Amino acid sequence: MKTPAEMFDLSGKVAVVTGGSRGIGRAVAEGFATAGADVVIASRKFENCETAAKAIEAATGRRALPVACHVGNWDDCDRLVETVYEELGRCDVLVNNAGMSPLYDDLPSVTEELYAKVHAVNAGGPFRLSVQFGTRMAEGDGGSIINVTTAGSLRPMTFDLPYCMAKAGLNALTLGLAGAWAPKVRANLVLPGAFDTDITKAWPPEQKASAGAANPMGRIGQPEDMVGLCVFLASDASSYINGAQILADGGSYRTL
């Protein structure tokens, strides 16, 4: 029987994190590397990926590969898959973390372009990456797919409705994937509440303050709060966890 330290060890594994250059993705990527994995930092701007990769390599001694990828574009998704297998030869963990939630004045002001872009990034790209990486994982040594959605997908509000709709689609994708390649490939879902990321930085200060004050923990989440959960889902410690939906919201949605 493995010790707890051995179960959480990611040595020899390769983890791909989209939206990995900042926020939750950046924290999770460094957490994986600290646990022993080589990591791929994927995001739209290569220079941001490169900066994050260099910092992670310096801090952990693991390899961190920067790759420019707009996950709303399926050609970019396919190039990411090919690059990972050409450079690192495998993928054991995929974290679909990249997301966007642009502001709008009211529901009638939502344009077709905004709606399509939000769904492409938050749902379409994760579908393509999961299918491509998941198929190869199943053909190889197996793996873990971790989809980062939002607690708001369970109780949508009007101010971010297209985003919550897209993330609800990602919830459904996760449950479908949990049966696609099991038992070799597991798929699980983490649902953050309000976190201190680019999305909440765009909120009015009073909305952000209110979210923290209303939370049982007395604050909103920090990117580092996601690291332990994602390392668990990536590791052998969660080998029987498949199709799970895990809230990471400080208790805000405890009544659901």
What are the pairs, 6+ residues apart or on separate chains, where a residue within the range 53-75 that is more than 13 Å from residue 27 (Cα to Cα) and touching a residue at least 40 places away in the same chain (Cβ under 8 Å) has its Cβ under 7 Å from a residue that is assigned to a helix (DSSP H, G or I) and β-branched (Val, Ile, Thr)? 71/121; 72/121
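Would you confirm, using the coordinates I've provided, whether residue 67 is of a type outside the set (Lys, Arg) and in contact with a Leu (Cβ under 6 Å, 6 or more places away or on another chain)? Before you say what the answer is, go through the steps one by one.
Working: of a type outside the set (Lys, Arg): yes; in contact with a Leu (Cβ under 6 Å, 6 or more places away or on another chain): yes.
For residue 67, the condition - of a type outside the set (Lys, Arg) and in contact with a Leu (Cβ under 6 Å, 6 or more places away or on another chain) - is met.
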Subset of the range 208-256, residues polar (S, T, N, Q) and touching a Gly at 6+ places or on another chain (Cβ under 9 Å), comes to 215, 242, 252
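Residues 233, 229: which one is buried (at least 18 other Cβ atoms within 10 Å of the Cβ), at pLDDT 90 or above, of a type outside the set (D, E, K, R) and touching a Lys or Arg at 6+ places or on another chain (Cβ under 9 Å)?
Values: 229 fails: touching a Lys or Arg at 6+ places or on another chain (Cβ under 9 Å).
Among 233, 229, only 233 is buried (at least 18 other Cβ atoms within 10 Å of the Cβ), at pLDDT 90 or above, of a type outside the set (D, E, K, R) and touching a Lys or Arg at 6+ places or on another chain (Cβ under 9 Å).
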Members of the range 236-256 that are over 21 Å from residue 96 (Cβ atoms) and crowded, with 17+ Cβ neighbours inside 10 Å: 250, 252
Just to be sure before I move on: is residue 211 modelled with pLDDT under 90, buried (at least 17 other Cβ atoms within 10 Å of the Cβ) and either small (Gly, Ala, Ser) or within 17 Å of residue 98 (Cβ to Cβ) (or both) in the structure I sent? yes
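Scan the range 137-156 residue by residue and report those that are without any contact (Cβ under 8 Å) to a residue 60 or more places away in the chain and touching a helix residue (DSSP H, G or I) at 6+ places or on another chain (Cβ under 7 Å). Even if it seems obvious, please write down each step before you answer.
Here is the first cut: in the range 137-156, the ones without any contact (Cβ under 8 Å) to a residue 60 or more places away in the chain are 137-143, 145, 147, 149-150, 152-153, 156.
Listed by number, the residues that qualify are 143, 145, 147, 149, 150, 152, 153, 156.
The values are calculated or read from the model by the stated rules, or taken from the named source; none is laboratory data. None of the values given here were measured: they were computed from a predicted structure. Cβ atoms come from the backbone with ideal geometry, glycine included; neighbour counts cover every protein chain shown.
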